[in-house]
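Heads up, the thing below is written out as C-alpha cells.
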Amino acid sequence: IYNYRHILPNSACLPACCPNQIMAAAAPAQTHTQVLKTLRRHDPRLKNLLLCIKFTAAYELSEAMQWKNSEVGGPLFIVERSPESPSAPKNKIIILNRKSLDNFELDIVPNMTIESNTNFVYVESRKGGKVFAFWFYDLEDQKACYDLIVRLSATAPRSSRDGMKQAGH
C-alpha cells in the first residue's frame with residue numbers, strides 16, 4: 001500500500017469557513033425519509049442510509065502527486081443499494097455537491113485501499129487508479145466514515161465493477 005498521508009492538501013485548499021458556518025450551512029431540517037427520497041432521485045436502487053456526514057470536501061491526487069480541489073463539497077452519505085446483480089457493488093459513497101450540479105459517487109468494492117490521517121480519509125479507486133481524499137471538520141465524523149468504509153469493503157461482493165463517477169457524466 002502506498003501511503004498517501006504524507007501528501008496532505010495544504011490549508012489554503014480547505015473550506016474557508018468556521019465550524020459554525022459549516023454546521024449552519026449543512027443542517028437542513030430534512031427528515032431521514034426526505035433525505036432518502038432526495039437520494040433516490042439520483043439512485044433509484046437506494047435501500048438505506050448507513051452514514052450521514054453534514055459536510056466534507058473532496059480532493060483528487062494528480063499524476064504529479066499533488067492534491068487538487070475536485071470542486072466537490074457537501075453532505076456525504078454512505079448508502080446501501082439493491083444491486084443489479086449479485087456481483088454488483090452493494091454500497092457507495094455519495095456527496096451531494098453544493099459547488100455544482102455534479103454529485104460525487106464512489107462504489108465501495110472489496111479490499112479497497114483506505115487510509116486515514118487527522119481530518120482526512122483516503123480512498124483509492126481501482127478504476128483508473130484515482131485517489132481521493134475526503135476532508136472532515138469533525139474527527140468523530142472522519143473516524144466513523146473511515147471505520148464504515150473499511151468494514152463495508154471487507155464484506156463487499158467480488159465484482160469486475162469498481163469506480164467513481166460524476167453524476168451526469
Please go through the stretch 31-55 and give me each residue that is farther than 17 Å from Arg98 by Cβ and outside any helix (DSSP H, G or I), ordered by number.
Thr31, Asp43, Pro44, Arg45, Leu46, Lys47, Asn48, Leu49, Leu50, Leu51
Residues in the stretch 80-90: is at least one under 20 Å from Cys145 (Cβ atoms), part of a strand (DSSP E or B), open to solvent by 50 Å² or more (accessible area, probe 1.4 Å) and not basic (Lys, Arg)?
no
For the stretch 113-157, enumerate the residues that are assigned to a loop (DSSP other than H, G, I, E, B) and farther than 22 Å from Gln66 by Cβ.
Tyr137, Asp138, Ala156, Pro157
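The values are calculated or read from the model by the stated rules, or taken from the named source; none is laboratory data. Treat the numbers as computed from the prediction; the structure is a model and nothing was measured. Cβ sites come from the backbone with ideal geometry, for glycine too, and all protein chains shown count toward neighbours. Quick note on the areas: whole protein, heavy atoms, side chains included, nothing else; ligands and nucleic acids left out. Shrake-Rupley method; radii C 1.70, N 1.55, O 1.52, S 1.80 Å.
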